[in-house]
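**Student:** This is the structure I want to talk about, given as structure tokens.
The values are calculated or read from the model by the stated rules, or taken from the named source; none is laboratory data. Computed from a predicted model, the values in this text were never measured in an experiment. Here Cβ is always computed from backbone atoms with ideal geometry, including for glycine, and neighbour counts include all displayed protein chains. Areas reflect the complete protein model, heavy atoms only, side chains present, ligands, DNA and RNA absent. Shrake-Rupley method; radii C 1.70, N 1.55, O 1.52, S 1.80 Å.
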Amino acid sequence: MDQQLPDRIRLQPLTRKKAFIQGTLDPRRLQRIPGFKEVVAVRDIRLELKVETRESGLFLLNGRIEARMELVCQRCLQGYSWSVNEPVRLHAGAVPGQVEGFESIELEDDMLNIEQLVEDELILRIPQRPAHPRVEDCDPAMLQRTQEYAGEISEKRENPFAVLKREKP
């Protein structure tokens, strides 16, 4: 069984050993994701990071984030499972500008906020418009209802440019 990740980690002592941060995070510790209406649940959160120091005060974090999310399909409004298994490449510390190939992350009092990092990474991986990977995977009855509803709404609305068409000489 994997070890639970701490809330925060001081990076400086870890770099002397070229340490690894790895473990799981209880989804109940997430604070912002429950506010996303597309996300029903998050499970099996796992983070692995290798911490290195390159220059004075520069920390490079290379690793991977994994999780399973239950999302609401925006086509049929039914739930589906979305797997996250993505690389994480971050840099932190006092560095002017960006480090090529790495996203910047801020430290709080020289500590890395693990919960915030995990939640940020998961939020970035929520699809812009969650939907089953294939339309065939959608619930056919719900898909038909949502399409009918969308059609009813568009039929009731007049095209806003129709006024311009009528006023044409």
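**Student:** Which of the residues belonging to region 34-56 are surrounded by fewer than 17 Cβ atoms within 10 Å (Cβ to Cβ) and either within 10 Å of residue 67 (Cβ to Cβ) or of a type in the set (A, V, I, L, M) (or both)?
**Tutor:** 40, 41, 43, 44
**Student:** Give me the pairs, please: first residue somewhere in region 58-75 and under 20 Å from residue 100 (Cα atoms), second residue anywhere and open to solvent by less than 10 Å² (accessible area, probe 1.4 Å) and of a type in the set (Ser, Thr, Tyr), beta-carbon distance under 8 Å, and either six or more positions apart or on two chains.
**Tutor:** Cβ pairs passing all conditions: none.
**Student:** In region 49-80, what residues are touching a Gly at 6+ places or on another chain (Cβ under 6 Å) and either small (Gly, Ala, Ser) or in a loop (DSSP other than H, G, I, E, B) (or both)?
**Tutor:** 57
**Student:** Can I ask one more? If only one of 86, 52 is among the acidic types (Asp, Glu) and under 13 Å from the mean Cα position of the chain (by Cα), which one is it?
**Tutor:** Details: 52 fails: under 13 Å from the mean Cα position of the chain (by Cα).
Testing whether each residue is among the acidic types (Asp, Glu) and under 13 Å from the mean Cα position of the chain (by Cα) leaves just 86.
**Student:** Quick check on my filter: what residues within region 3-22 are under 18 Å from residue 116 (Cα atoms) and either at pLDDT 95 or above or among the β-branched types (Val, Ile, Thr) (or both)?
**Tutor:** 9, 21
**Student:** For the subset of region 75-111 comprising residues that are hydrophobic (A, V, I, L, M, F, W, C) and at pLDDT 90 or above, which member is most open to solvent (accessible area, probe 1.4 Å)?
**Tutor:** Filtering first and then ranking leaves 82.
**Student:** Does residue 116 satisfy being part of a helix (DSSP H, G or I), modelled with pLDDT under 80 and either open to solvent by 100 Å² or more (accessible area, probe 1.4 Å) or within 28 Å of residue 2 (Cα to Cα) (or both)?
**Tutor:** No.
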